[in-house]
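Read-outs: derived from the displayed coordinates by stated rules, not from any lab. All of these numbers come straight from a predicted model, not from anything done at the bench. Note: ideal-geometry Cβ built from the backbone for every residue, glycine included; neighbour counts use all protein chains shown.
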């Protein structure tokens, strides 16, 4: 019996690791792209079932301008030719009405949430495009599943994908606000934000503008969780601008007036 048990473990182990793939962040991701999509859809459902915590602005006729603006930005990034999973994920965007929260996050599978507090804090469309590119990068490079595997463990996430342990979804949805990516993941998301924006009309160092504003206000140590504090803001500005210069990207915002109009809608 002991030999049979050992053989069973070995067979299951070989099946498990045969499904693993090396993630761009350097870890091993046991989930398939379809698993990312399914897990993201489950988290999306949990978020939408909690309108008190996540007061989502409806994507309807009354808010057509706001959603058209940010969807156009998303579409330009996706059309850059740099997003690997462009045609795999839905890349759905939702705006959360919360002026006190300086945040944005993206679930596995590409469901993007942006807070009005962040929109109002940023100065121009290039900065928002930089942040949006950063969030798209986390999903495109599948950093979320890497980080969630580290935080919750393989077993729990497998149970959720299989339709079990649904109670854990509520905790995961809430903790997406504070999901901690590795230093490598954050640096990669910054780098890929530059890559994505280099194929658009936006300043591809847009994400640097956000950090520059934090530094100028003395908020470098309070960087929101969606763009974590490691590496530090000063280094991130330097690295983003370095990458942008290497790609010959232009400087300067391209839609100051349009962004002001966009912000005024909230």
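Assorted remarks:
- Whether the range 71-132 is rounded, prolate or oblate, judged on the alpha carbon gyration tensor where a/c under 1.5 counts as rounded: oblate
- In terms of surrounding Cβ atoms within a 10 Å radius of their Cβ, 43, 194 rank from fewest to most as 43, 194.
- Shown is the FRET efficiency for residue 258 and residue 34, computed with R0 = 35 Å from the Cβ-Cβ distance and rounded to the nearest 0.05: 0.40.
- Cα-projected label distance for residue 158 with residue 238, points at 7 Å along beta-carbon direction, nm: 4.3 nm
- Normalising the average separation of contacting C-alpha pairs (under 8 angstrom, six or more residues apart) by the number of residues puts the relative contact order of the range 120-210 at 55 percent.
- Inter-site label distance for residue 88 and residue 151 at 7 Å from Cα along Cβ, in nm: 2.1 nm
- Contour minus Cα-Cα distance for residue 67 and residue 166 (0.36 nm per residue): 32.6 nm
- Spin-label model distance (nm) - residue 98 vs residue 53, 7 Å beyond Cα toward Cβ: 0.9 nm
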